[in-house]
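This report concerns only the one structure given below.
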Amino acid sequence: MDLFSQEKQHLILPNAELLYLPNFFSKQQSDNYFETINTQTLWRNNDITVFGKTYKEPRLTALFGDTNKPYGYSNLVLYPNPFTPSLKIIKERVEKIADIEFNTLLINLYRDGSDSNGWHADNEKELGNNPVIASVSFGEIRPFHFKHRTLKDQRYKLNLEHGSLLLMKGEMQHYWLHQIAKTKKEIKPRINLTFRKLI
């Protein structure tokens, strides 16, 4: 099921709250941020272990933070780089909407349609109870799929647009899974900034 229109949307779902702002950054700002982040980031292609099997992540990543706290998922531990000036500006603008101070940023670069992120939740213990996750997208539009763990009729798709902001709040990371699926379409790269607060 598709959700949202071209305008700001606030959605309350079972065990979840989402806020989507499709034009959070202008096209010119988004174009500039995409190029700046892409060229200034030291991208990594990490090995991850899922269900006992180890393989290369199907995307490139980088971690930034205000602290030296590591962040881990899928038996992978990342150590943060300091925020760049551009990332600090983006973070401060996102924080005003989210009404929370983030101290960690995981960036994903989806190089083409074969890069993806499987079904998961951002529920690592370092994020605490009911974490707020802010997701900023630059570049190619990719569908964001999310589904409730137990309510089978609660399954949705949202196209994350160039310059958009998605806030995931409430109990979402406990009760919902989300993914960026592979596609055989020929598409351009997408950079996704996911702000979080490690406690």
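The values are calculated or read from the model by the stated rules, or taken from the named source; none is laboratory data. These numbers come from a predicted model, not from an experiment. Positions of Cβ are generated from backbone atoms using ideal geometry, with glycine treated the same way; all protein chains shown enter the neighbour counts. When the accessible area is computed, the model is the full protein with side chains, heavy atoms only, and any ligands, DNA or RNA have been set aside. Shrake-Rupley method; radii C 1.70, N 1.55, O 1.52, S 1.80 Å.
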**Given (1) at pLDDT 95 or above; (2) of a type outside the set (V, I, T); (3) within 19 Å of L63 (Cα to Cα); (4) open to solvent by less than 40 Å² (accessible area, probe 1.4 Å), index of the condition D122 fails** = (1)
**Asked** Within segment 73-88, which residues are under 17 Å from the mean Cα position of the chain (by Cα) and open to solvent by 90 Å² or more (accessible area, probe 1.4 Å)?
**Response** K88
**Prompt:** List pairs: first in segment 118-137 and touching a residue at least 24 places away in the same chain (Cβ under 8 Å) and farther than 18 Å from I180 by Cβ, second part of a loop (DSSP other than H, G, I, E, B) and of a type in the set (G, A, S), Cβ under 8 Å, 6+ apart or cross-chain?
**Reply:** N130/G170
**Message:** Take L151 and tell me if it is within 16 Å of I133 (Cβ to Cβ) and aliphatic (A, V, I, L, M).
**Reply:** no
**Asked** If the Cβ limit is 6 Å and pairs must be 6+ apart or interchain, which residue in segment 167-186 that is touching a residue at least 12 places away in the same chain (Cβ under 8 Å) and among the basic types (K, R) pairs with which residue that is open to solvent by 30 Å² or more (accessible area, probe 1.4 Å) and not in a loop (DSSP other than H, G, I, E, B)?
**Response** K169/E17
**Message:** Just to confirm my filter: which strands (runs of 3 or more DSSP E) fall fully inside segment 76-149 and include at least 3 residues that are of a type in the set (A, V, I, L, M)?
**Reply:** 76-78, 104-110, 133-139
**Asked** Of the residues that make up segment 27-42, is at least one in contact (Cβ under 8 Å) with a residue 24 or more places away in the chain, surrounded by fewer than 11 Cβ atoms within 10 Å (Cβ to Cβ), over 25 Å from K182 (Cβ atoms) and touching a Gly at 6+ places or on another chain (Cβ under 8 Å)?
**Response** yes
**Message:** Tell me the residue from K197, K184, K169, K91 that is at negative phi, basic (K, R) and surrounded by fewer than 18 Cβ atoms within 10 Å (Cβ to Cβ), please.
**Reply:** K184
**Prompt:** Quick check: is even one residue across segment 56-72 in contact with a Phe, Trp or Tyr (Cβ under 7 Å, 6 or more places away or on another chain), open to solvent by less than 20 Å² (accessible area, probe 1.4 Å), of a type outside the set (F, W, Y) and at pLDDT below 95?
**Reply:** no
